[in-house]
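The values are calculated or read from the model by the stated rules, or taken from the named source; none is laboratory data. Just so it is clear, the structure is predicted and the values come from calculations on it, not from any experiment. Ideal geometry is used to build each Cβ from the backbone, glycine not excepted, and the neighbour counts take in all protein chains shown.
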Amino acid sequence: MRNTWRMNKLKATLFFSLLFLSAIGLYAQIEPNLDNKFRLAQSYEVAGRLEKAESLYKELYDTQPWNYTFFESLNKVLVAQKKYDKSVELLNQKILQTPNDYNLYGLLGSTYYIMDQSQKAYETWDKGTKISPESTVGYRVIANYAIENRAFDKAIDILKKGKEHSADPTVFSFDLGNIYAANMKFKDAAEEFCFLIEKHPEQLAVVKSRIMSYINRPDATQQTIDAVKSIAKSKAMPELYDLLTFVFVSSENFKDAFENVVTSENIFHGNGTNMFILAQDAFRTRQYDWAAEAYNFILKNYSNSPYTQPSKIGYARTLESSLDQKFLSANFSWKPLYKPVPLFSDEYKKIIEAYNEFVKGYPDNAINIEALFRIAEIYRTRLFDYSKADSLYKKISEISPTTNYAIQSNIFRGKMAIENDNLNDAEKYFAQAAANGRIQPNDLSETKFYLGRINFWKGNFTDALKLFNEATKNLSTDFSNDALELSALIGATKKDSINLVRYSHADMLALQNKMEQAATEFKTLADNPNVFILNDFAKIKLAEILIAKDDLPTAIKILEELTGNEKSGIFSEKANFLLARCYQYGVKNLQKAAEIYEKLLEKFPNSLYFDRARTELNKLQTKNG
């Protein structure tokens, strides 16, 4: 009996399984047909044959009225044909079937809006929000339809109603802030963002990011400042004062930013954190006076703050960077070759004293290495006391051999050894830097470049070529152009070893600031028409030396000859760039400089000088309005 029951159950199961599989098979036969018809309708729609598309979408929708894709496609093609009445009829029928679907009210309102029946559109959208007045989703869905139709005022109205009815009104603040900003109502946008921060302070970073996206638009800065300042005073939250500082800094108004941070630190009994952040922002944007002011404020008011020590070295570093701007401007740093002279020596010595005071005051502080390195840099690049610089670099390498400061110290010792005509020591220092396991890719490329150059000067051209190839794996470095040029020179002229040796010797003399001797060697090669490629290389180098000696007319003549010679090849790009800089910084003919930069960008779109030329051209265009 039990076995018979089990047998019957098994038969029934098999029967229904077969029936189910048959149904699937039948469905599989029908479904591809619908899919093919849908694809055909889409192709008609894309081709602009909207009547055909409508007919097929209608058949599909009648077959599967529950299929939202078919329904939406039909409505879309009706609207595209301006058959608005049919769209309204279709949507109203659908609403009767599913009265709680927000999207249907959104679509119906959109049709009315396109028909210029804005009042009906608004009423329809309002009905959609009343399906579930406490629902956050409904208001935002309907508001999106208003936004899509650029009915921004209505979208704002809908979102404001949602904000009134929502248990968490901040959900709507971000949407409202975005719409206000898009419509240049920056004061309203700022107020919404401040409301969001009041309720959710953790959203400060998100708000900053949003404000940053529009703060430079006309009137945005002042409207935002006025709104945030007013709310910050009434609410007294540190996050709001932080936001106000951010807006001031974004508009490069460091004076008001500084005063706001002072107020904030006093109100909330801070420890200098916000002032230290402001100092770093000012330093990063080269607002050195305000960076110094901020660091100095910390030193005077927060003796026990964790930011006191970094502020001391930050203050000295800021004074140094500020003085560097004047130094470089006075030393014609735009020139490819120039022999700097000591300037502002007394001021630099005071900065050295500040660094030394830090070292003595905090003998066990890890930042001491940075202070010693900065002192060494001042001696090397500003006071040109190579002996003191070298002793400091040596000390850094000994007490902190694994740091980047040790790597840089070896690189700079190598450069000083070159200038002192001690190539063997230079080679040793560059090799030590390259062997450091923590060396950065750019620094490694630089050491390879200088090692290659030393081999080039020694006449070891095969080794030099190998090192130059390694140095040019990263083409973003400042010396990659020189490495490529020297590689090309060796490859093209290594058979003429006598003249190549003469060129390499002149190249070394130029780097050692022995300009007169280098000029004599280069001129000999430049005047020799029989040393083809070397001739053009020598002309470029001779022009650079003439620029260094302020003989701009002769330098310009040589560069114009190279830019006008189609056979100059790779020299044309560099010659154009140098020629433009001569007119920009030397002759002060900005219009002529701009014309040459534009010519370079147009003629050499793949040039290694492209980015630099574009940057300089942008400077000129900004300066000329």
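Restricting attention to segment 480-491, does a residue exist that is surrounded by fewer than 21 Cβ atoms within 10 Å (Cβ to Cβ), touching a residue at least 40 places away in the same chain (Cβ under 8 Å) and among the hydrophobic types (A, V, I, L, M, F, W, C)? So far as segment 480-491 goes, yes, one or more of its residues are surrounded by fewer than 21 Cβ atoms within 10 Å (Cβ to Cβ), touching a residue at least 40 places away in the same chain (Cβ under 8 Å) and among the hydrophobic types (A, V, I, L, M, F, W, C).
Considered as a group, the residues in segment 73-95 that are of a type in the set (G, A, S) and surrounded by 21 or more Cβ atoms within 10 Å (Cβ to Cβ) include one that is nearest to K120 (Cα to Cα), and that residue is S87. Would you confirm whether or not segment 335-346 contains a residue that is farther than 30 Å from L511 by Cβ and of a type outside the set (D, E)? Within segment 335-346, none of the residues are farther than 30 Å from L511 by Cβ and of a type outside the set (D, E). Figure legend. Inter-residue proximity from segment 165-178: first residues within 25 Å of A220 (Cα to Cα), second residues of a type in the set (K, R) and surrounded by fewer than 16 Cβ atoms within 10 Å (Cβ to Cβ), beta-carbon distance below 6 Å, spacing 6+ or different chains. Indicated pairs: T170/K199.
Hey, could you check segment 194-215 for residues that are buried (at least 16 other Cβ atoms within 10 Å of the Cβ) and within 25 Å of the chain's Cα centre (by Cα) and say which is farthest from F172 (Cα to Cα)? By that ranking, first place goes to I215.
Scanning segment 124-180 for residues that are modelled with pLDDT of 90 or more, polar (S, T, N, Q) and outside any helix (DSSP H, G or I) yields a single hit, N149. Quick one: in segment 445-487, which of the residues that are assigned to a helix (DSSP H, G or I) and within 26 Å of the chain's Cα centre (by Cα) is nearest to K394 (Cα to Cα)? Among those residues, the one meeting the criterion is E446. Of everything in segment 251-262, what is of a type outside the set (A, V, I, L, M, F, W, C) and within 18 Å of A292 (Cα to Cα)? Give them in sequence order. Passing the criteria: E252, N253, K255, D256, E259, N260. Scanning segment 414-433 for residues that are in contact with a helix residue (DSSP H, G or I) (Cβ under 6 Å, 6 or more places away or on another chain) and hydrophobic (A, V, I, L, M, F, W, C) gives M416, A417, I418, L423, A426, F430, A433. The residues on offer are L590, L601, L617, and the sole one that is at pLDDT 90 or above and within 19 Å of I547 (Cα to Cα) is L590.
How about segment 524-614: which helices (runs of 4 or more DSSP H) wholly inside it have at least 2 residues that are among the polar types (S, T, N, Q)? By residue number, 552-563, 570-581. The one condition from (1) surrounded by 15 or more Cβ atoms within 10 Å (Cβ to Cβ); (2) within 27 Å of the chain's Cα centre (by Cα); (3) within 20 Å of V249 (Cβ to Cβ) that P218 does not meet is (1). Contact map, segment 319-330: residues that are over 17 Å from A371 (Cβ atoms) and free of Cβ contacts under 8 Å to residues at least 12 places away in the same chain paired with residues that are in a helix (DSSP H, G or I) and acidic (D, E), Cβ distance under 9 Å, separation 6+ or inter-chain. No pairs are found. Considering segment 397-414, the residues that are more than 30 Å from the chain's Cα centre (by Cα) and crowded, with 17+ Cβ neighbours inside 10 Å include one that is nearest to E347 (Cα to Cα), namely R413.
Give segment 481-514 a look and list any residue that's more than 20 Å from A575 (Cβ to Cβ) and among the aliphatic types (A, V, I, L, M), or say none. Show your work before the answer.
Quick first cut of segment 481-514, residues more than 20 Å from A575 (Cβ to Cβ) only: 490-491, 494-502, 504-505, 508-509, 511-514.
Correct list: I490, I498, L500, V501, M508, L509, L511.
Of everything in segment 536-557 that is surrounded by fewer than 19 Cβ atoms within 10 Å (Cβ to Cβ) and not acidic (D, E), the residue that is farthest from P605 (Cα to Cα) is K549.
In segment 582-597, is there at least one residue being among the hydrophobic types (A, V, I, L, M, F, W, C), crowded, with 21+ Cβ neighbours inside 10 Å and closer than 30 Å to V501 by Cα?
Taking every residue of segment 582-597 in turn, at least one turns out to be among the hydrophobic types (A, V, I, L, M, F, W, C), crowded, with 21+ Cβ neighbours inside 10 Å and closer than 30 Å to V501 by Cα.
For segment 508-521, the set of residues classified as more than 15 Å from F456 (Cβ to Cβ) and part of a helix (DSSP H, G or I) consists of M515, E516, Q517, A519, T520, listed by residue number. Scanning segment 427-444 for residues that are assigned to a helix (DSSP H, G or I) and surrounded by fewer than 23 Cβ atoms within 10 Å (Cβ to Cβ) gives E427, K428, A431, Q432, A434, A435, P441, N442, D443, L444.
Residues that are farther than 20 Å from T273 by Cα and in contact (Cβ under 8 Å) with a residue 12 or more places away in the chain within segment 219-247 comprise D219, A220, T221, Q223, T224, I225, D226, A227, V228, K229, I231, K235, listed in sequence order.
Taking residues in segment 336-352 that are at pLDDT 90 or above, and partners anywhere that are surrounded by fewer than 16 Cβ atoms within 10 Å (Cβ to Cβ) and assigned to a helix (DSSP H, G or I), the pairs with Cβ atoms closer than 8 Å and at least 6 places apart or on different chains are L343/K326; L343/A330; F344/K326.
Evaluated against (1) hydroxyl-bearing (S, T, Y); (2) within 23 Å of the chain's Cα centre (by Cα); (3) assigned to a helix (DSSP H, G or I), S234 falls short on exactly one condition, (2).
I'd like the full set of residues that are part of a helix (DSSP H, G or I), among the polar types (S, T, N, Q) and touching a residue at least 12 places away in the same chain (Cβ under 8 Å), limited to segment 70-96. Of everything in segment 70-96, those that are part of a helix (DSSP H, G or I), among the polar types (S, T, N, Q) and touching a residue at least 12 places away in the same chain (Cβ under 8 Å) turn out to be S73, N75, S87, N92. Limited to segment 382-396, what total is found for residues that are under 16 Å from A366 (Cβ atoms) and either of a type in the set (V, I, T) or surrounded by 18 or more Cβ atoms within 10 Å (Cβ to Cβ) (or both)? Qualifying residue count for the region: 1.
Within segment 488-515, if we keep just the residues that are among the β-branched types (V, I, T) and more than 26 Å from A548 (Cα to Cα), the residue that is nearest to the chain's Cα centre (by Cα) turns out to be T493. Selection of first residues in segment 421-432 that are touching a residue at least 40 places away in the same chain (Cβ under 8 Å) and among the charged types (D, E, K, R) and of second residues that are in a helix (DSSP H, G or I) and surrounded by 15 or more Cβ atoms within 10 Å (Cβ to Cβ), restricted to Cβ pairs under 8 Å at least 6 apart or on distinct chains, gives an empty result.
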